[in-house]
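**Student:** Input: one structure, supplied below.
The values are calculated or read from the model by the stated rules, or taken from the named source; none is laboratory data. Bear in mind the structure is a predicted one, so any value in this text is a computation, not a measurement. All Cβ positions, glycine included, derive from the backbone under ideal geometry; neighbour counts span all protein chains shown. What goes into the accessible areas is simple: the full protein's heavy atoms, side chains included, and nothing from ligands, DNA or RNA. Shrake-Rupley method; radii C 1.70, N 1.55, O 1.52, S 1.80 Å.
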Amino acid sequence: MDLNRPALPLQNNAVPRSAKRRTTGLAATAIAAALLLSACGGGAAPQGAEQAAAADPASGANATGAVNICGVKDASGIYKGTAEAFTKANGKVTAKYTEIGATTDEARTQIVQRLEGKSTECDLFVTDVIWTSEFASQGWLLDQTKLVEDNKDRLIPSTVETTKYQDKYWGSPFFTNAGLIYYQKDKVAKPESWQQLYAEAAKAPGNGYVYQGKQYEGLTVNFLEMLYSAGGEVLNDQGDVTIDSKETRDVLNFMSDGLKNGSADRAVLTYNEDPARLAYESGDFGYQRNWPHVYRLLNATPLASSFAVAPLPAWEGGKASGVLGGWNLAISAHSTNQAGAVAFIDFATTPDWQKHVAMDYSQAPVNEAAYSDAAVLQKMPFATELLASVKGAKPRPISPVYPQISQAIYKNVYAVLSGTASTEDAVKKMADEITTAKASF
């Protein structure tokens, strides 16, 4: 397999080829039901997960050689910075970080290509919290249960749960995430509700709101933050598709109206995280929705003294609800230096390095003690609010076919925002596509 070729998009909401080998008829129905139960913690795990080898927690102490960590574009510098610090501190193992995707979706495609091809290029993958069940079910990762159990006392429980599939842990939390609102104190007020934010943004030129509205995973997150705060959901506790709701229609209409009345600039339809940040840095906007790492980057611009940070606002009449994000460290089943990978994880999750995660990179640590550390609070004065946001955030829909579910969401949300579909048609199509995605596994 040519690992230098461009990332190929998944066609027709496709899951990886190895996940498409299905039987038909009644057998397919039985298998799909069993797998759906297993994703929720019941039934038997897919064969790939059952046969996965386990990482040895003790192996890191005697590790040598080189470790290659692969993942998405390193916008904050945290991955390369951690690799350099580990190499300096360890002395016996060298680590480097390799970027294999400019966006989350591109990185996932490139990671899947390597895992399916049994490539030994990458020992560790930086994985989005939403990929755990998909990757584990294919037998692509080492079982990290013993390693996570050994390190559990240093980790926030909600972050540990993002690595869980079939009562085992398939990664170690590295840093977590919850969205924040950055606002210009001299232009606009601290947002208490989404309705107030949009009203303030529309008041005058230069007050506008920028967010991640490109057709990708980031748009799913931006939409779900509003949907959850409005009381809506994608799947209920029984796994039924419940996105065809009044709340979904209200949020879609609200976001669409915001683009029409000037609350948000239409350029957001082309923005992922970095373009949104750069647009805000121009000084031409009042509000920005982005992740915690942007705080450090904004402090290196002329806006350093003029902006403030707030948690995500509530839906009018409801309550604020973020979406739990973050990145985990997963060891490839094809790694040629599994001991070195364990050593890197041990270093990256130490309470001491987790302070640097906050102080040096403005990311949300997975170690709770870091949030009350005096040095952290000096560099990240909103740490207390961020911890509350992390603890209160809800996960995205948990499913081995989450990529298909997300695609159904962002594709149809984008269609409404861009004016190519009505809200009613988009909601119906979204629900149908999610139902089809769930039935495919």
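**Student:** How many residues are open to solvent by 20 Å² or more (accessible area, probe 1.4 Å), within 17 Å of Leu329 (Cβ to Cβ) and either under 16 Å from the mean Cα position of the chain (by Cα) or not acidic (Asp, Glu) (or both) if we restrict to region 131-154?
**Tutor:** Final tally of qualifying residues: 4.
For every residue, the table says whether it meets (1) open to solvent by 40 Å² or more (accessible area, probe 1.4 Å); (2) of a type outside the set (D, E, K, R); (3) closer than 29 Å to Ser282 by Cα; (4) touching a residue at least 60 places away in the same chain (Cβ under 8 Å).
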{"residue": "Ala310", "(1), (2), (3), (4)": "no, yes, yes, yes"}
{"residue": "Pro313", "(1), (2), (3), (4)": "no, yes, yes, yes"}
{"residue": "Lys319", "(1), (2), (3), (4)": "yes, no, no, yes"}
{"residue": "Trp327", "(1), (2), (3), (4)": "no, yes, yes, yes"}
{"residue": "Gln338", "(1), (2), (3), (4)": "yes, yes, no, yes"}
{"residue": "Val342", "(1), (2), (3), (4)": "no, yes, no, yes"}
{"residue": "Ala348", "(1), (2), (3), (4)": "no, yes, no, yes"}
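**Student:** Taking region 87-100 as the search range and keeping residues that are touching a helix residue (DSSP H, G or I) at 6+ places or on another chain (Cβ under 7 Å) and not in a strand (DSSP E or B), which one is surrounded by the fewest Cβ atoms within 10 Å (Cβ to Cβ)? Steps first, answer last, please.
**Tutor:** Filtering region 87-100 down to residues touching a helix residue (DSSP H, G or I) at 6+ places or on another chain (Cβ under 7 Å) leaves 89-90, 93-97, 100.
Now narrow it down to the ones that are not in a strand (DSSP E or B): 89-90.
Working: Ala89: 12, Asn90: 19.
So, considering only residues that are touching a helix residue (DSSP H, G or I) at 6+ places or on another chain (Cβ under 7 Å) and not in a strand (DSSP E or B), the one surrounded by the fewest Cβ atoms within 10 Å (Cβ to Cβ) is Ala89.
**Student:** Give me a count of the residues in region 361-370 that are in a helix (DSSP H, G or I) and buried (at least 24 other Cβ atoms within 10 Å of the Cβ). Walk me through it before giving the result.
**Tutor:** Initial filter on region 361-370 (in a helix (DSSP H, G or I)): 368-370.
From what's left, buried (at least 24 other Cβ atoms within 10 Å of the Cβ): 370.
Selection size over region 361-370: 1.
**Student:** Right, something else. Restricting to region 155-167, what's the tally of residues that are surrounded by fewer than 18 Cβ atoms within 10 Å (Cβ to Cβ) and of a type in the set (D, E, K, R)?
**Tutor:** 2
**Student:** Here is a follow-up. For region 101-111, indicate whether the set of residues that are modelled with pLDDT of 95 or more, within 14 Å of Ile331 (Cα to Cα), open to solvent by less than 40 Å² (accessible area, probe 1.4 Å) and in a loop (DSSP other than H, G, I, E, B) is non-empty.
**Tutor:** No, region 101-111 has no match at all.
**Student:** Another question about this same structure. Which pairs do you get when a residue that is free of Cβ contacts under 8 Å to residues at least 60 places away in the same chain, found in region 141-165, comes within reach of a residue that is open to solvent by 10 Å² or more (accessible area, probe 1.4 Å) and among the aliphatic types (A, V, I, L, M), reach meaning Cβ atoms under 8 angstrom, with the pair 6+ apart or on two chains?
**Tutor:** Cβ pairs passing all conditions: Val148/Leu155.
**Student:** So the check is Cβ under 7 Å with 6+ separation or different chains; which pairs have a first residue in region 64-84 that's among the acidic types (Asp, Glu) and surrounded by fewer than 22 Cβ atoms within 10 Å (Cβ to Cβ) and a second one that's assigned to a helix (DSSP H, G or I) and modelled with pLDDT of 95 or more?
**Tutor:** Close Cβ pairs (under 7 Å, with a partner that is assigned to a helix (DSSP H, G or I) and modelled with pLDDT of 95 or more) amount to Asp74/Lys80.
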